[in-house]
Amino acid sequence: MRNLNTYIKNPTHKLIASAYAKATTPEELEAVKQYQHELQAAMTPEEKEAFDREFMEDHFRILTAMDEDINEWRSEAIRRKMGDMPKFINWTQIASTYFGKSQSWLMQRINGNQVNGKEAHFNAAEAKQLEAALHDLGQKLLSIAF
C-alpha cells in the first residue's frame with residue numbers, strides 16, 4: 001500500500017494530515033481540528049481560496065491512488081482465487097462473448113501485465129462482469145453434468 005501522504009503537495013496540508021494521523025484520543029482530534037480552524041481563520045480570502053483549491057487537488061490525488069490500489073488488490077484476489085484454472089478455460093471466447101474484447105486484453109488484467117507502463121487491473125465494473133461471466137459458465141457446466 002502506498003504512503004498517501006506523498007500525494008499531499010501543500011506543506012500545511014501535510015502538517016495537518018500528520019497531526020490527524022497521530023491523534024489517538026477524541027481530545028487530540030479536537031485539538032487538531034481547532035488548530036486547523038485557527039490556521040484558516042488567520043488566512044486572507046485569497047489564501048483561503050488557494051488553500052481550499054490545493055486541498056481538493058491533494059485529495060483528488062489521494063483518491064486516485066486509493067482507487068488504483070483497490071483495483072490492484074481486486075485483480076490480485078481474482079488471480080489467487082483462480083489458481084490453476086486459467087489453463088482449463090478458453091479465454092478468447094470469454095473475452096469476446098462477455099467483454100467484447102480480445103483475449104490479450106483479458107489476460108493482461110488477469111495476469112497484471114504491464115500496459116503502457118502501468119499494471120493492467122480490473123476496475124469494479126469489469127470485476128463484476130468477470131464474476132457474472134464465470135457464474136454463467138459455471139451454471140452452463142452444471143446443467144450438462146451427469
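Cβ-Cβ distances below 8 Å connect the following pairs, each with a first residue in the range 27-52 that is closer than 18 Å to ILE8 by Cα, a second residue that is hydroxyl-bearing (Ser, Thr, Tyr), and a separation of six or more residues or different chains: VAL32/TYR20; LEU39/THR12; PHE51/THR12. Taking the conditions exactly as written (out of contact with any Asp or Glu (no Cβ under 9 Å at 6 or more places or on another chain), in a helix (DSSP H, G or I) and either without any contact (Cβ under 8 Å) to a residue 12 or more places away in the chain or loosely packed, with under 13 Cβ neighbours inside 10 Å (or both)), does SER18 satisfy them or not? Criteria not met by SER18.
Considering LYS48, LYS33, LYS101, which residue is charged (D, E, K, R) and either open to solvent by less than 60 Å² (accessible area, probe 1.4 Å) or outside any helix (DSSP H, G or I) (or both)?
Numbers: LYS48 fails: either open to solvent by less than 60 Å² (accessible area, probe 1.4 Å) or outside any helix (DSSP H, G or I) (or both); LYS33 fails: either open to solvent by less than 60 Å² (accessible area, probe 1.4 Å) or outside any helix (DSSP H, G or I) (or both).
After applying the criteria, what remains is LYS101.
Exactly one residue among LYS118, LYS81, LYS87 is out of contact with any helix residue (DSSP H, G or I) (no Cβ under 6 Å at 6 or more places or on another chain), loosely packed, with under 13 Cβ neighbours inside 10 Å, within 26 Å of ASN5 (Cβ to Cβ) and not acidic (Asp, Glu), and that residue is LYS118.
So that you can scan it fast, the table gives a plain yes or no per residue for (1) farther than 21 Å from ASN123 by Cα; (2) touching a Phe, Trp or Tyr at 6+ places or on another chain (Cβ under 9 Å):
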residue: ILE16; (1), (2): yes, yes
residue: GLU57; (1), (2): yes, no
residue: ILE62; (1), (2): no, yes
residue: ALA65; (1), (2): no, yes
residue: GLU68; (1), (2): no, no
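Would you check if there is a residue in the range 124-142 being closer than 30 Å to GLN36 by Cβ, open to solvent by less than 60 Å² (accessible area, probe 1.4 Å) and either acidic (Asp, Glu) or touching a residue at least 40 places away in the same chain (Cβ under 8 Å) (or both)? So far as the range 124-142 goes, no, none of its residues is closer than 30 Å to GLN36 by Cβ, open to solvent by less than 60 Å² (accessible area, probe 1.4 Å) and either acidic (Asp, Glu) or touching a residue at least 40 places away in the same chain (Cβ under 8 Å) (or both).
The residues of the range 1-11 that are at pLDDT 85 or above and in a helix (DSSP H, G or I) amount to a single one, PRO11.
Looking across GLU54, GLU76, one residue alone is over 17 Å from LYS128 (Cβ atoms) and not basic (Lys, Arg). It is GLU54.
The values are calculated or read from the model by the stated rules, or taken from the named source; none is laboratory data. Because the structure is predicted, anything quoted here is derived from the model rather than measured. Virtual Cβ from ideal backbone geometry, glycine too; neighbours counted across all protein chains shown. The area values use the complete protein model at the heavy-atom level, side chains included, leaving out ligands, DNA and RNA. Shrake-Rupley method; radii C 1.70, N 1.55, O 1.52, S 1.80 Å.
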